[in-house]
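K.L.:
The structure follows.
What follows is calculated from the coordinates using simple rules that are stated; it is not laboratory data. This one's a predicted model, so the numbers in the text were calculated from it and none came from an experiment. Because the Cβ atoms are built from the backbone with ideal geometry, glycine has one as well, and the counts that use them run over all protein chains shown.
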Amino acid sequence: MPLTNKPLPVQPDAVTTALPLFSRTPNLADPDTDRLRASLRHYFLDTFERYESLFECLANDEAYLVKPIALRHPLIFYYGHTATFFVNKLLLTHMIDTRIDQRIESIFAVGVDEMSWDDTEDTHYEWPSVAEVQAYRNKVRALVTELIDHAPLTSPINWSNPWWAIIMGIEHERIHLETSSVLIRQHALHYVQPSTRWPALTESGEAPTNALVTVPAGQVNIGKDFASSQYGWDNEYGQHQADIDSFEASRYLVSNQEFLAFVEAGGYLNAHNWEEEGKSWLAYSEARHPSFWLKKTQGWFLRLMTEEVAMPWDWPAEVNYHEAKAFCNWKKSETGLNVRLPTEDEWYRLYDAAGLEDIGAQRTAANIHLDHWASPCPVNRFWHGQWYDVVGNVWQWTETPTYPFDGFDVHPIYDDFTTPTFDGRHNLIKGGSWISCGNESVRASRYAFRRHFFQHAGFRYVVSGDIKVPSSPYYETDKLLSEYAEFHYGDEYFGVPNFPRSLVELAMQYLADRPRTNALDLGCASGRAAFELARYFDQVTGVDFSARFIGQGIQLANDGTLRYTLTDEGELVSYKSRSLAELDLAGVKDKVAFYQGDACNLKPQFTGYDFVLAANLIDRLYSPARFLNTIHTRMAPGGLLMIASPYTWLEEHTPRKAWIGGFKQDGESYTTLDGLKQHLGRHFRLVGGPIKVPFVIRETQHKFQHTLSETTIWECTD
């Protein structure tokens, strides 16, 4: 059917509302610190309580412990994770110096989120009970409230202010409010129950006929200033400008009725509708219609969060990127028009053309921020200029893989929020959904998901010229990560051998006649030592606090090649790539597994190792004594521990009172080696070293760091 440009329909009647007003993201530059404290207290408690109320939609305790889908943790993880996030980030900013519950904070600290649709995660976890997690959440609520009420506060709260960790924790929980609602929606129906606090809309009618409306040409200027008074995630900061040609955008989001035509035309059966990645997902999933559609003898139904309802044909179709893209390709072949999804820049141009402003402190004319219902609504309910649902109702998929703006930087206490998504595999979604709140609902927000991911997301289409999508694989351009890629996998300089390989070769002098079943590379960074250890061990685990670093090892294990840029001088760079095959390591990659983790608070499954390597780690820990006093519990009897470090103690990494050496004690020099002997002496004996192992890090073509790392080898006597 040809697309037409029809007149704007009549404004609908006043909108009914069912949910209490949910607090908006606050002004962090309020000069009145008493008022600022009060607003943050309300924002925290409102968020914490609303998040807990979501879990009232689970029918019983078993529902917390059964995975809704195979690729994600059970909901008990997400119930505890958002609380432990506060503790972990507050420790990093030194607003607190002790944990609440080390075991719970270890279990819920980090978890692998959904990646490829055919990944499997079969690790067995001994989850705490729901009551235990609730008791823990109560303690976190009390802790954060006490900090908000009494901790020293200066305004503004910018991202170098330690209070940023509190706002980060609140906004993080609001993200999981949405993602957890999706998991509840994916749960078996007998595990969920309706809640009066989460009411879905019960209205539906005839779906409107979609039409194309011209968006005039204009310039887009986006990117948040670091001095902004509004909280932001790292990828929102920086500058981006683009000139956008005129294009046409569908007046409405694609409704279930409009999408039905694609389904009935055999859209899921015709491979020519699908992109290559989409074809692979389709073959694996065997999908024949959207995931939340149900075909029954009585007709089509739609799964909402806690119930199944007769299909509301005028509600937006909720699909992943592959399905949205396939629909556009089908529409293109049916109409002869160049139909596709909008780019991120085009969405911003549409936003401006619709005359929208960021939502304020009151309810807004959009199905967003839980202002109205706990579900989508008809696509012709909320108009914005000449369009409907430019924001709200469901997220909108775009053609744009996420990328950093000019001036992008990572936050030091959450360095892996966005950077793992700069891989060409995560597309941006824009506009927010009915449950998007806080930072998610503002104009500047930038969230991206894998293209097979199911969120409360749908799409609108545009008719415009072709676009150039950034290619993949990409080159790592972050300076620090590129330096470490070269340090681990690159050239040798000034005759100094590769440092990770040298450590492993040294270790083998002591391991020759010992068991070599499992090894742990703790603080593995980019992962070279883990691969080198796999030459000699049956299984090797690499753990690092930063997902950005282990991402390099994972990329090598998955793709075999790592690409990165090196600074030569000024703005001049050179491009390099390294493969495991070049390093004669391709044959061991299946013996290596990488995980994100905290060396001071490891998860229970990291145990029983014959060898543990801690290279250049102890002087970067927030509590090196805790690590040294507990590492024996992770080792097999008689196992060896290798510690290598230049002992570069810095308060930005380790509070002065937590240093284990490098200071005067009773008027005498107390070295880190003295501290190692003191802390390890109860469970280890020194069997090798100290030996100084050199390494060189290339900063530019003409600047290098030459360092000596003192290395000791200890035998576990327990």
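K.L.:
Give the angle, between 0 and 90 degrees and rounded to the nearest 10, that separates the Cα long axis of helix 479-489 from the longest principal axis of the Cα atoms of the chain.
P.N.:
That works out to roughly 50 degrees.
K.L.:
With each pseudo-label sitting 7 Å past Cα toward Cβ, what's the Lys295-Val309 distance in nm, one decimal?
P.N.:
Distance between the two pseudo-spin positions: 2.4 nm.
K.L.:
Amide H of Val390 versus every other amide H placed in the peptide plane: which residues, excluding those fewer than 5 positions away on the same chain, fall under 5 Å?
P.N.:
Here the answer is His384, since their amide H atoms fall under 5 Å of that of Val390.
K.L.:
May I ask for the longest run of the chain untouched by trypsin sites (Lys or Arg not before Pro) that are loop-located per DSSP and have at most 12 neighbouring C-beta atoms (other than their own) within 10 Å?
P.N.:
With a cap of 12 other Cβ atoms within 10 Å, the longest stretch comes to 1-467.
K.L.:
Another question about this same structure. Note down the nm distance, to one decimal, between modelled labels 7 Å out along Cα→Cβ at Asp32 and at Ser228.
P.N.:
Roughly 2.5 nm, to one decimal.
K.L.:
Starting from the 7 Å offset along Cα-to-Cβ, what nm value, one decimal, do you get for the label separation of Thr648 and Ala142?
P.N.:
Distance between label points: 4.2 nm.
K.L.:
Still on this structure, please answer the following. So what's the gap between the Cα centers of the stretch 164-219 and the stretch 221-283, to the nearest angstrom?
P.N.:
Cα centroid to Cα centroid, the span is 16 Å.
K.L.:
For the stretch 297-332 and the stretch 363-379, what is the centre-to-centre distance using only Cα atoms, to the nearest Å?
P.N.:
Going from one Cα centre to the other spans 18 Å.
K.L.:
Another question, then. Under 5 Å between amide H atoms, partner at least 5 residues away or on a different chain: which partners does Ala615 have, H built in plane at 1.01 Å?
P.N.:
HN-HN under 5 Å from Ala615: Leu522, Ala644.
K.L.:
Stretch Glu56-Asp466 to full length: gain in nm at 0.36 nm per residue minus the Cα-Cα span?
P.N.:
Gain on stretching Glu56 to Asp466: 142.9 nm.
K.L.:
Shifting gears a bit: Kindly express, to the nearest 10 degrees and within the range 0 to 90, the angle between helix 321-335's C-alpha long axis and the longest C-alpha principal axis of the chain.
P.N.:
Approximately 40 degrees, to the nearest 10.
K.L.:
If R₀ is 35 angstrom, what is the calculated FRET efficiency for the pair Asp568 and Ala512, using the beta carbon separation as r and rounding to 0.05?
P.N.:
The computed FRET efficiency comes out at 0.25.
K.L.:
As an exercise, identify the GluC sites (Glu not before Pro) in the stretch 579-673 lying in DSSP coil whose Cβ has no more than 15 other Cβ atoms within 10 Å.
P.N.:
Here the GluC sites (Glu not before Pro) that fit, given the DSSP loop and packing criteria, are Glu582, Glu651, Glu652.
K.L.:
Given the Cα-Cα distance of Gln678 and Thr209 and 0.36 nm per residue of separation, how much length would full extension add, in nm?
P.N.:
161.2 nm
K.L.:
Report, in degrees rounded to the nearest 10, the 0 to 90 angle that the Cα long axis of helix 164-186 makes with the longest principal axis of the chain.
P.N.:
Here the helix axis deviates by roughly 60 degrees.
K.L.:
Another one. Please work out the FRET efficiency for the pair Ala283 and Ile697, using the Cβ-Cβ distance as r and a Förster radius of 45 Å; give the result to the nearest 0.05.
P.N.:
0.50
K.L.:
So which GluC sites (Glu not before Pro) in the stretch 203-248 are both in a DSSP loop and have at most 15 other Cβ atoms within 10 Å of their Cβ?
P.N.:
Those satisfying the criteria are Glu203, Glu206.
K.L.:
Under the rule of -39500 (n - 2.57) per DSSP H run of 4 or more residues, summed and divided by the residues of the chain, what mean residue ellipticity at 222 nm is obtained, to the nearest 500 deg cm²/dmol?
P.N.:
One gets -8500 deg cm²/dmol as the mean residue ellipticity at 222 nm.
K.L.:
If you take Cα Rg over 2.2 N^0.38 Å from the coordinates, which of (i) 1.01; (ii) 1.46; (iii) 0.97 do you get?
P.N.:
Matching the structure shown: (i).
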